[in-house]
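S.K.: Take this structure, written in C-alpha cells, and hold onto it; I'll ask about it next.
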Amino acid sequence: MKLLVTGGAGFIGSNFVHYWLSHHPEDVVINFDKLTYAGNLENLKDVESNPNYQFIQGDITDPVAVSSAMEGVDIVVHFAAETHVDRSILGPGVFLQTNIIGTQVLLDEALKAKVKRFHHISTDEVFGSLELGTAEKFNEQTPYNPHSPYSASKAGSDHLVRAYGDTYGLPYTITNCSNNYGEYQFPEKLFGLAITNVIEGKTVPVYGDGLNVRDWLYVQDHCAAVEAVLLRGREGETYTVGGLKDDVSNLEVVKMILQLMGKNENQIEYVKDRPGHDRRYAVDWTKINQELNWSPSVTLEEGLRKTIEWYQAHPDWWKPLKEKAQGFFAQNYKKA
Ligand code: NAD
Ligand code: TYD
C-alpha cells in the first residue's frame, strides 16, 4: 500500500511516519511537507535511507505539486496544517490558506487520483468550550462551535471533507483528537515549552488563572488510533480520540512536570491570558474504544516521564527551534 502523509515533518506527522514504517514495513510512505517553521527533517533522520520512504517538499495549496505527489497513492493521511492557537491570534491569514484552501486542493486531487481513503486529522477544538466542573464531554455528535482562528479554520476543513464525501463520494474518515504531547513537539506548545524552560532554568508561563482544562493524548497513542481507523474504521465516519478520563487543569499539569523534574512551584509564572481562551475540553472516546478496540496505552504520568526524558536527551533538537521562535515569544507573552 502507498500512503501520502501530508505534514509528515511536523510533530504528529513525523511520529506517524516512524510508526507506520515500523508497523507496516511493506508499505510505501510519501511525506509531503512545505517545511514551515514547524516542519523539521531532523525528526526523520533515522528513516531517510529507508527505500520505502520518500520526502517531497511542497505546499498543499499548490495543485500541481499535490497532483504529482498523489500519483498511485492508496491512502492520504492529512496532518499538514498551521496548528498553534496563539500564532493564529497574531496572524489568521495563513491558517485559512493552509487549513481550508490547502485541504480543498488535497480533496480535489484525491478525487482525481481515486484514492481509497482520505483520512483527515482534526482537533477537539472545533467543538468549542465546555463548562468547568461539569461531566459533559465532546463526542461525535457534538455541534461545532469554534472560537479561535485556528479552530475555526480546522472546523472549515472538517466540513469540506464531509462535503466532498456527500457530494462527490470521496471515501473519507475523520479523527478529532485532543491535545497531543510527546517526542518532536515544537517547543511552543504547553508541554514542550514547559519542559524545555525547566531544563533552561526559566519560569513556566501559565495563562490566566491556570484552571483551564485540556484532555492530553500521548502522540504514540494518537498514531495507534489513526492506524485503527485506517485499518478497521468505517468509511464516512468520525471518531473522537482522547487520552484521559478525568479532568486535569493546566496548573495541575505544570505542577506535575515540575515535580517529575525535581523542581518546585516557584517556577510558575502567571502571564496575561489568551484572548478567547477556551475553558475546558474533555473527550468521550467510547466509540473508537468499542468499535475499533483502541484505548490509550499510557497514563499521563507515564507519558510525561517519557516526554521529559526525550527532551532532556535532545537539547540539540529543541535549542535551535526555541532560538528561532524568540520573535514569536516576545510578541505573544505579556505580563499578567
Ligand atoms: P505541527 O505544527 O507540528 O506540524 C505541521 C506540519 O505541517 C509541519 O511539518 C509543516 O511544515 C506542515 N505544513 C504547514 N503548512 C503546510 C502547507 N501549506 N503545505 C504542506 N505542509 C505544510 O502540527 P502537529 O501538532 O503535528 O499537528 C498535525 C495535525 O494534527 C494538524 O492537522 C493539527 O490540526 C492536528 N492536531 C494537533 C493536535 C496537537 O495537540 N498538536 C491536536 C489535535 C489535532
Ligand atoms: P497549547 O499547548 O497552546 O494547546 P491548545 O491551545 O491548542 O489547547 O495550550 C494548552 C493549554 O495550556 C491552553 O489552555 C493554553 C495553556 N498554555 C499556557 O498556560 N501557557 C503557555 O505558555 C501555553 C503555550 C499554553
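S.K.: Is there a residue being within 16 Å of ligand 1 (Cβ to nearest atom), assigned to a helix (DSSP H, G or I), assigned by TED's automatic domain parsing to the domain that holds L96 and open to solvent by 10 Å² or more (accessible area, probe 1.4 Å) anywhere in the stretch 201-220?
M.R.: Within the stretch 201-220, one or more residues are within 16 Å of ligand 1 (Cβ to nearest atom), assigned to a helix (DSSP H, G or I), assigned by TED's automatic domain parsing to the domain that holds L96 and open to solvent by 10 Å² or more (accessible area, probe 1.4 Å).
S.K.: Which one is most open to solvent (accessible area, probe 1.4 Å) among residues in the stretch 277-336 that are under 30 Å from G201 (Cα atoms) and among the small types (G, A, S)?
M.R.: The qualifying residue most open to solvent (accessible area, probe 1.4 Å) is A336.
S.K.: Got a number for residues in the stretch 153-183 being within 12 Å of ligand 1 (Cβ to nearest atom) and open to solvent by 40 Å² or more (accessible area, probe 1.4 Å)?
M.R.: Total satisfying the criteria: 0.
S.K.: Confirm whether F32 is open to solvent by less than 30 Å² (accessible area, probe 1.4 Å), within 17 Å of V115 (Cβ to Cβ) and away from ligand 2 (no atom under 16 Å from the Cβ).
M.R.: So F32 fits the description; yes.
S.K.: Restricting to the stretch 124-141, give me the number of residues that are without any contact (Cβ under 8 Å) to a residue 60 or more places away in the chain and under 16 Å from K287 (Cα atoms).
M.R.: Qualifying residue count for the region: 1.
S.K.: Next up: Considering each residue of the stretch 319-336, count those that are assigned to a loop (DSSP other than H, G, I, E, B) and within 23 Å of the chain's Cα centre (by Cα), and give that number.
M.R.: Here the count works out to 2.
S.K.: Taking the conditions exactly as written (touching a strand residue (DSSP E or B) at 6+ places or on another chain (Cβ under 9 Å), assigned by TED's automatic domain parsing to the domain that holds T98, part of a loop (DSSP other than H, G, I, E, B) and open to solvent by 50 Å² or more (accessible area, probe 1.4 Å)), does L132 satisfy them or not?
M.R.: When the stated conditions are applied, L132 passes them.
S.K.: Follow-up. Could you say whether any residue in the stretch 88-96 is within 27 Å of H18 (Cβ to Cβ), near ligand 1 (Cβ under 9 Å from one of its atoms) and buried (at least 18 other Cβ atoms within 10 Å of the Cβ)?
M.R.: No: zero hits.
S.K.: Another one. Return the total of residues in the stretch 277-309 being more than 20 Å from the chain's Cα centre (by Cα) and of a type in the set (A, V, I, L, M, F, W, C).
M.R.: 1
The values are calculated or read from the model by the stated rules, or taken from the named source; none is laboratory data. What you see is a predicted model; the values in this text were computed from it and never measured. Glycine gets a Cβ as well: all are built from the backbone with ideal geometry, and neighbour counts include every protein chain shown. Surface areas here come from the heavy atoms of the whole protein model, side chains and all, with no ligands, DNA or RNA. Shrake-Rupley method; radii C 1.70, N 1.55, O 1.52, S 1.80 Å.
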